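Have a look at the structure below, then the notes.
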DNA sequence: TTGTAAGCGTTATCAT
DNA sequence: ATGATAACGCTTACAA
């Protein structure tokens, strides 16, 4: 357990602790010779500064916290990849917290974060979160927060999202173009920014094309697979939609499974399109038309903004939304 | 940024710092009344002990590091879920490091970890890692290490895996049972424990069934999608296998894509089976037969062992392999 | 150019 | 039962 610390280096080199510390930080008033000696030994012994001790002095931990609802999800996985890529570039460490769509866990994490464990927070809020004071509290403590994907609209900071409204509009329009007359929307929690926007895009597209939105075709799904299956099954049996626009991948997958078990053919009986980052979308039976989100870029951008705030003394996180567009990729599931 | 610390609590309560500290830790020699007052105020002000300061004294950070090759991968995603579930139970924080299958990054992470940022390490090694001294160094510094999935066999610690050899054997036997005569194996790096074992299972199954393993049918794939596509394309065109056993999901997906582009039918022309945790395996065209790994449980078990070591003074990580079985799930891709 | 010493927030030892 | 104090490893005025 004996670790190499500054004290040890100082002893071995017959220098004071202060001199070693300054030499390591390449300070002006240390002779080049001393610096070289210190650096050489530090390298030889693989000296790593103790981050906890530096935190105590400098009040930064070179760590960011990422709070997400779940991780077994291609979207968040890609976003983490993006986040990690900039964190690694800048020498930051990434702590992951999974809220499992549970407000209380999210709350507990934010409480823990008031103690200096991380210098900033990236968050995509849980679907059961309706109150944002825990996040305001964090911000008030001086912890910079950047939202991505599931954002809090009226929060004074950067929010990175995709164009959810337009994409919802586009997906629905695409179904209309393909001849659908009864289009259902499997929506994600309407208390979520993305849920709301995607649904609004859906409704507007219907209206713009002369359809009257039908409440019984807009299903707000849950976080429970069984419950969702029941809802979707009822929808398919009772409302008999000829098009489904799924707000998230999971609902599209459930739809595929239920269509199979009910003997419905995609796309003949029902056409399906979904927000999705599934790698295998094109290999499904039938291949799935998707709104593919720039998840990696969203993660990168959010992390880049947060780290800019942490690194640049004078930079303040602006109160703005950064929108990175999704792409509509049509495949067989929506073919005429 | 003004944070609540012990000092502040002490001032407000007109107590000494020492008393407050002890009261918070529910020490024997503090009166119940004082404890109550301290606790009440701590709760009211949402006092959170500074983890960096405690580290300096106690030498533990309540943090574990997870080093994995990639995250856009259903297996690792599920494993993280398992790891996080026990970490959350025990109040530990999880830092994620992605080696991107690059030994040098893995090395850099382990160097960083010598400084106390984490109390222990869970690792699944990169496919380019052949030397394990960086990990031995970590262990020698007193950092407990637990391997999962891609383990180092001769390393004195716990290794949690699935039964890779038996599963490779099983997958291959299944293809034989389904009538395949020329079975190819798309192997992952043979320097990886899992790559080696899965391939050995494949070879043994062939031999036990009267086939002579053919080197040109055992393709060691890479980490580069294009290169893999070339390799698999050549395999399909030149060797014309009638069965493919893919060691990882990615190779199965590539096989599907290439069969499609080459006009080969699965399972009529080629049957395919793969190690995979794809949620959509049953929805693929055709549905994919898989060896499904208990990824969540593997993550849970690995984390549980590590945390046991961290929490129990007298517990030493045994030098043993914990094997949790995979399941063969047959679907259309291997139908006769 | 180098060294001394204080202090970051905690915990633990030893007094009181 | 409570308090004073040193120490953890590091940074940084300030002194030499």
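Each row is one residue, and each column tells you yes or no for (1) away from every other protein chain (no Cβ under 14 Å); (2) within 12 Å of DNA strand C (Cβ to nearest atom).
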residue: B:8; (1), (2): no, yes
residue: B:16; (1), (2): yes, yes
residue: B:19; (1), (2): yes, yes
residue: B:29; (1), (2): yes, yes
residue: B:39; (1), (2): yes, no
residue: B:46; (1), (2): no, yes
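Of (1) away from chain A (no Cβ under 12 Å); (2) closer than 21 Å to residue A:77 by Cα; (3) out of contact with any strand residue (DSSP E or B) (no Cβ under 7 Å at 6 or more places or on another chain), residue B:238 satisfies all except one. Which?
(2)
Tell me yes or no: at least one residue of the range A:49-62 is under 23 Å from residue A:120 (Cβ atoms), more than 15 Å from DNA strand C (Cβ to nearest atom) and touching a strand residue (DSSP E or B) at 6+ places or on another chain (Cβ under 9 Å). Spell out how you get there, then give the answer.
The first filter runs over the range A:49-62 and keeps only residues under 23 Å from residue A:120 (Cβ atoms), leaving A:49-62.
Of the ones still in play, those that are also more than 15 Å from DNA strand C (Cβ to nearest atom) are A:62.
Add one more test, that the residue is touching a strand residue (DSSP E or B) at 6+ places or on another chain (Cβ under 9 Å), and what stays is A:62.
Within the range A:49-62, one or more residues are under 23 Å from residue A:120 (Cβ atoms), more than 15 Å from DNA strand C (Cβ to nearest atom) and touching a strand residue (DSSP E or B) at 6+ places or on another chain (Cβ under 9 Å).
Working only within the range B:22-47, note down all residues that are free of Cβ contacts under 8 Å to residues at least 24 places away in the same chain, within 25 Å of residue A:138 (Cβ to Cβ) and either surrounded by 14 or more Cβ atoms within 10 Å (Cβ to Cβ) or within 8 Å of DNA strand D (Cβ to nearest atom) (or both).
Of the residues in the range B:22-47, the ones free of Cβ contacts under 8 Å to residues at least 24 places away in the same chain are B:22-23, B:25-36, B:39-40, B:43-44.
So of that shortlist, the ones also within 25 Å of residue A:138 (Cβ to Cβ) come out as B:39-40, B:43-44.
Matches in the range B:22-47: B:39 only.
From B:245, B:296, which residue is under 26 Å from residue B:149 (Cα atoms) and within 14 Å of another protein chain (Cβ to nearest Cβ)?
Details: B:245 fails: within 14 Å of another protein chain (Cβ to nearest Cβ).
The conditions single out B:296.
Provide a single number: the residues in the range A:11-21 that are free of Cβ contacts under 8 Å to residues at least 12 places away in the same chain, in a helix (DSSP H, G or I) and within 9 Å of DNA strand D (Cβ to nearest atom).
2
Examine the range A:163-172 for a residue that is in contact (Cβ under 8 Å) with a residue 60 or more places away in the chain, assigned to a helix (DSSP H, G or I), crowded, with 22+ Cβ neighbours inside 10 Å and within 11 Å of chain B (Cβ to nearest Cβ), and state whether such a residue exists.
no
Would you list the helices (runs of 4 or more DSSP H) that sit entirely within the range B:58-140 and hold 3 or more residues that are within 8 Å of another protein chain (Cβ to nearest Cβ) and crowded, with 22+ Cβ neighbours inside 10 Å? It would help to see each step written out before you state the result.
Working: elements: B:74-89, B:103-112, B:133-140.
Correct list: B:74-89.
So which residues in the range B:177-200 are in contact with a strand residue (DSSP E or B) (Cβ under 9 Å, 6 or more places away or on another chain), without any contact (Cβ under 8 Å) to a residue 40 or more places away in the chain and part of a helix (DSSP H, G or I), if there are any at all?
Applying the first criterion (in contact with a strand residue (DSSP E or B) (Cβ under 9 Å, 6 or more places away or on another chain)) to the range B:177-200 yields B:178-190, B:193-199.
Subsequent filtering for residues that are without any contact (Cβ under 8 Å) to a residue 40 or more places away in the chain retains B:190, B:196-197.
Hits for the range B:177-200 are B:196, B:197.
Could you say whether any residue in the range A:254-275 is within 22 Å of the chain's Cα centre (by Cα), within 11 Å of chain B (Cβ to nearest Cβ) and surrounded by 22 or more Cβ atoms within 10 Å (Cβ to Cβ)?
Looking through the range A:254-275, none of the residues is within 22 Å of the chain's Cα centre (by Cα), within 11 Å of chain B (Cβ to nearest Cβ) and surrounded by 22 or more Cβ atoms within 10 Å (Cβ to Cβ).
Could you grab me the full set of residues in the range A:276-285 that are at the interface with another protein chain (Cβ under 7 Å from one of its Cβ atoms) and either over 18 Å from the mean Cα position of the chain (by Cα) or surrounded by 24 or more Cβ atoms within 10 Å (Cβ to Cβ) (or both)? First the steps, then the outcome.
Of the range A:276-285, the ones at the interface with another protein chain (Cβ under 7 Å from one of its Cβ atoms) are A:278-280, A:283-285.
Hits for the range A:276-285 are A:280, A:283, A:284, A:285.
Filter the range B:209-251 down to the residues that are under 30 Å from the mean Cα position of the chain (by Cα) and closer than 19 Å to residue B:336 by Cβ, then identify the one that is surrounded by the fewest Cβ atoms within 10 Å (Cβ to Cβ).
Ranking the qualifying residues of the range B:209-251, first place goes to B:243.
No lab work stands behind these numbers, since they all come straight from the coordinates. Only a predicted model underlies this, so the values are computations on that prediction, with no experimental measurement involved. Methodologically, a virtual Cβ is constructed for each residue, glycine included, from the backbone with ideal geometry; neighbour enumeration extends over all protein chains shown.
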